[in-house]
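Asker: I have a structure here, written as C-alpha cells, and I will follow up with some questions on it.
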Amino acid sequence: MHGHNEALFLEEISSFLGLYYLFLAALNAGAAFYLWRRGRGIRLIGPIRSFHCWLLLALLFTMIAPLAFSGDPQVMRWISLPPSVRDFIDWLMGPVVYSVGTVAVLTVLFVGRRFFVKPTVAWLMLNGALLFMGLAMTDPDFADIVRKPDNVPIVGLIYLLGYFTWLGAYLAVENDKRIQQGLPPKEKELDEKVLVWPDLVYTELICMIAVTALLFVWAICIKAPLEEPASAVKTPNPSKAPWYFLGLQEMLVYYDPWMAGVVLPSLIIFGLMAIPYLDFNKKGNGYYTIDERKFSYIVFQFGFIVLWVTLIVLGTFLRGPNWNFFGPFETWDPHKVEALNNVDLSEFFWVRWLQRARPRPPEDAGMLIKVGVILIRELPGILLLIGYFAITPAAMVVWSRFFRELFKKMGLFRYMTMMFLLQVMLLLPVKMVCRWSFNLKYFIAIPEWMLNF
Amino acid sequence: MPSLSEIIRHSQIWKSIFRHPAPVDRRNRVVVMLTNFFLHLHPVSIKKQGIALSYTWCMGGVTFFLFLVETVTGVLLMFYYRPTLEWAYKDILALRDVMSMGILRELHRWGAHAMVITVWLHMYRVFLTGSYKPPREFNWVIGVILLLLTLLLSFTGYLLPWDQLAIWAITVGSNMARATPILGHEGPGSQLLTVDGIPMITNASDARFALLGARFVGEETLNRFYVLHCIALPLAVAFLLAIHFWRVRKDGGISGPL
C-alpha cells in the first residue's frame, strides 16, 4: 500500500492509536502513583526508584499520543517500526523460527523465572510488548489482521494469558522460596474462615458489573462481523475454522485429517481428563508452586501454551491464502508460491537409500498378497513407530532414574497410559521438525486404505 | 419515625419475598446464605484464600456469568432470527441495520468469545493450583466436558449468521469428520464396512452426514446446528454445571486437601 491509500489508512487508525498511547500513559502513571503512595518501588540507581521510571514512561507515551492523533504520514513515520526492521522480521519469520523461537523464549523465561517474575521486570516486559504493538499498528498489513473483529479476542487472549502466566509464576516463586526456608506456602496462612456474605458475594457482584461494563464497551466499539451472504460456490482463500480450532487446522499441515481432526482432538480431551488420575504427586494441592511439581508443570505448559495457544496464534495471524506462511507485516498475496515436495519415509528408505523402486503388488494379486506387499513397503515406518511407542517407555525406565521412580509409583498400566499420551503429544513437534528439516510427509503412507500417518 | 427503608423492610410484601431479615449482623449473614435460593449455592463461610482474587482469578465465576449473559441475549436473539436459508441472513442484516442501538448480536458474539477464553483461564488456574487433585478428580473431568461443550456451543453458533464467514468456517471445521476412522467415508477402515462389495459408509451415511444432516453445509445443517445451539447443548451445559457446582461444595471448597 502506498501513497494515497497509506495516508487514508493512517488517518483511519490515528484516533485509535492516540487513545492507545494515552491508555499506556495512564497505565504507567497509575503504577507510578500506586507504588509511590505505598512507598514500594525498588531502588534502581542512587535516589532513582522504579516509579520514577514509570512516570517517565507515562510522560513519554503522553508525548507520543498527539503524534499518533495527527494521522500525518510524515509524523507517523517517527512512531512506526522502520521498514527495514519490518522487512527483517518478515524475512526471518517462518514456521520454524516462529515455533522454535517461541519454545526457546518460553524456556528462557522458565529457567530464569526467579528474575522474570519480579514485578519491575514483568512491568518492563509488558510495556515493551505494548509499545511494539503500537509501533507495529501503523503497518497496514499488521493492522488488518489484528483488527479483524474475530481476531481481537486472540489479541486479548495473548495479553491475558501473559498476565496470568506471570501471576501464577510469581505466586509460585514466592511460595517456593518460603518452602525452601521451611515455611508453609502463603495460601496456608489464609486458612481462617470468613463469612461469604458480605466478602464473597460483593466480590462476585463487582466482577459481574466489571464484566458487563467491559462487554458493553467491546460491543459498542467493535461491530460483529457480517460478510456477504453464504455461497457454496465462492470459496474464500484462506478458509479458516473459528479461531479456537485453528491449532487443529494448523495440525492438518503435518497430519492427515483423521489424525488432526479426529484422533488427536479426542486424545487431547482424553488426556486432559486423565491428568488427575496420572498425577500422583500429593504436593501442590491448593497453592501455587513450580518446584514441588516441576514435571507436571512443564508438561502442562508445553501442551497448553506451546501446542495449544501458539499454534492458534500461528494459524490466525501468520497463515494466509493457501495456508502459506506470511510474516506479520507481509501482504497476503494469494499468488505466493511455496514449492513443497514432501516425501514419504518409505520413499526415503526404498528409493533414496536402497536405490530401487518401492515394492508394488501385482495388479491381479489376491487380497492377502496385496496386504503383505503394502506392509513390507511401509515396514520402515511401522517399525519406527512401534519402536517409538513400545521401546521408549521401557528405555526411559532403564536409563532415567526419574522415569524409574515414576514407573515404580504409578504401576505398569498408569505409566504406559501416561507415556502413550506424552509420546502422542511429542510426536507433533517431532513430525513438525521432520517436515521442516527433510520434507518428511508420512511415516506410514497407505493411501490404499486412506491410512496415512 | 422509622426510615423509608425500614418501612419497606418491615412490610408484609418484602417479608414474603425475602425469608430473612437484612444481613447486617453476624447471625443474619449466616441466615441469608442458608435461606436465599440464589445464595444457597454458596457455603456460609469459606477460607480466606477462596475470596482472594489473586488466587482464584474469578474465572470460573466469570465463565458462569457469561453463560447467563449468552442465555439472556440468546433468547432475545431468537425473537428476531429464523433458521432458514430464506431468512437467516436477512434477519441478521435487520438486526444490524433496522434495530436502533442494536448491540444484541455484538453482546452475544463477544460474550461467546470471552467465554471460550475465560473457560481456558479457569482450567489454567485450576491446574496451576493443583486443584484437580484428590478429592476433586472427577470434578476436573466434568470441567473438561464443559470446556468441550463451550467450544461446541461456540462452533454451532458460528454458522447461524449464514454469511461467507459462517459456512466456510463450518465447512472447514466439519470436513474433518469425513476422515473419522471407520465411520467417515474418507477415513481409514471405512472400506471394511461393505455388504456384497457395496460400501456402507458413503458421503450420505458417514459421521459428517450425521453432523450436517446433508452432504454439504445446507439448510438441514442450519436447522441441526440451530437446535444444538439453542436447546441441546445449553441443556447439557446446565445439567453438568449443576453437578460441577454441587461437587465444588461437596468436595470441600474450590481447592486444597479435604
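Asker: For the stretch B:202-209, state whether one or more residues are more than 9 Å from every other protein chain (Cβ to nearest Cβ), outside any loop (DSSP other than H, G, I, E, B) and open to solvent by less than 50 Å² (accessible area, probe 1.4 Å).
Answerer: Yes, the stretch B:202-209 has at least one match.
Asker: Let me ask another. What is the number of the single condition among (1) open to solvent by less than 40 Å² (accessible area, probe 1.4 Å); (2) over 18 Å from the mean Cα position of the chain (by Cα); (3) more than 26 Å from B:Met59 (Cβ to Cβ) that B:Gly256 does not meet?
Answerer: Only one criterion in (1) open to solvent by less than 40 Å² (accessible area, probe 1.4 Å); (2) over 18 Å from the mean Cα position of the chain (by Cα); (3) more than 26 Å from B:Met59 (Cβ to Cβ) is unmet by B:Gly256, namely (3).
Asker: So, one more: Which is open to solvent by 50 Å² or more (accessible area, probe 1.4 Å), β-branched (Val, Ile, Thr) and at the interface with chain B (Cβ under 8 Å from one of its Cβ atoms), of A:Ile220, A:Ile206?
Answerer: Of the residues listed, the single one that is open to solvent by 50 Å² or more (accessible area, probe 1.4 Å), β-branched (Val, Ile, Thr) and at the interface with chain B (Cβ under 8 Å from one of its Cβ atoms) is A:Ile220.
Asker: Starting from the stretch B:1-23, keep only residues that are over 23 Å from B:His40 (Cα atoms), then list their pairs with residues that are open to solvent by 90 Å² or more (accessible area, probe 1.4 Å) and not in a loop (DSSP other than H, G, I, E, B) whose Cβ atoms are within a distance under 9 Å, requiring at least 6 positions of separation or different chains.
Answerer: As it stands, the answer is none, since no pair meets every condition given.
Asker: Quick check: is even one residue across the stretch B:25-36 of a type outside the set (Ser, Thr, Tyr), under 25 Å from the mean Cα position of the chain (by Cα), assigned by TED's automatic domain parsing to the domain that holds B:Gly218 and open to solvent by less than 70 Å² (accessible area, probe 1.4 Å)?
Answerer: The answer is no, given that none of the residues of the stretch B:25-36 is of a type outside the set (Ser, Thr, Tyr), under 25 Å from the mean Cα position of the chain (by Cα), assigned by TED's automatic domain parsing to the domain that holds B:Gly218 and open to solvent by less than 70 Å² (accessible area, probe 1.4 Å).
Asker: Let me ask something additional. Kindly indicate which of B:Thr221, B:Thr194 is hydroxyl-bearing (Ser, Thr, Tyr), in the same structural domain as B:Glu70 (by TED's automatic domain parsing) and without any contact (Cβ under 8 Å) to a residue 12 or more places away in the chain.
Answerer: After applying the criteria, what remains is B:Thr194.
Asker: Based on this model, can you work out whether B:Leu153 counts as within 26 Å of A:Cys221 (Cβ to Cβ), in contact with a His (Cβ under 7 Å, 6 or more places away or on another chain) and either surrounded by fewer than 23 Cβ atoms within 10 Å (Cβ to Cβ) or in the same structural domain as B:Leu235 (by TED's automatic domain parsing) (or both)?
Answerer: yes
Asker: Name every residue in the stretch A:268-281 that is open to solvent by 60 Å² or more (accessible area, probe 1.4 Å) and either more than 7 Å from every other protein chain (Cβ to nearest Cβ) or among the hydrophobic types (A, V, I, L, M, F, W, C) (or both), in order of residue number.
Answerer: Correct list: A:Ile268, A:Phe270, A:Phe280.
Asker: Residue check: is A:Ile209 hydrophobic (A, V, I, L, M, F, W, C) and closer than 30 Å to B:Ile46 by Cβ?
Answerer: When the stated conditions are applied, A:Ile209 passes them.
Asker: Only one residue in A:Leu200, A:Leu215 is in contact with a Gly (Cβ under 9 Å, 6 or more places away or on another chain), over 23 Å from B:Ile51 (Cα atoms), in a helix (DSSP H, G or I) and within 7 Å of chain B (Cβ to nearest Cβ). Which one?
Answerer: Of the residues listed, the single one that is in contact with a Gly (Cβ under 9 Å, 6 or more places away or on another chain), over 23 Å from B:Ile51 (Cα atoms), in a helix (DSSP H, G or I) and within 7 Å of chain B (Cβ to nearest Cβ) is A:Leu215.
The values are calculated or read from the model by the stated rules, or taken from the named source; none is laboratory data. Everything numeric in this text was worked out from a predicted model, so none of it was measured. Positions of Cβ are backbone-derived with ideal geometry, glycine not excepted, and every protein chain shown enters the neighbour counts. Ligands, DNA and RNA are excluded from the accessible area calculation, which covers all protein heavy atoms including side chains. Shrake-Rupley method; radii C 1.70, N 1.55, O 1.52, S 1.80 Å.
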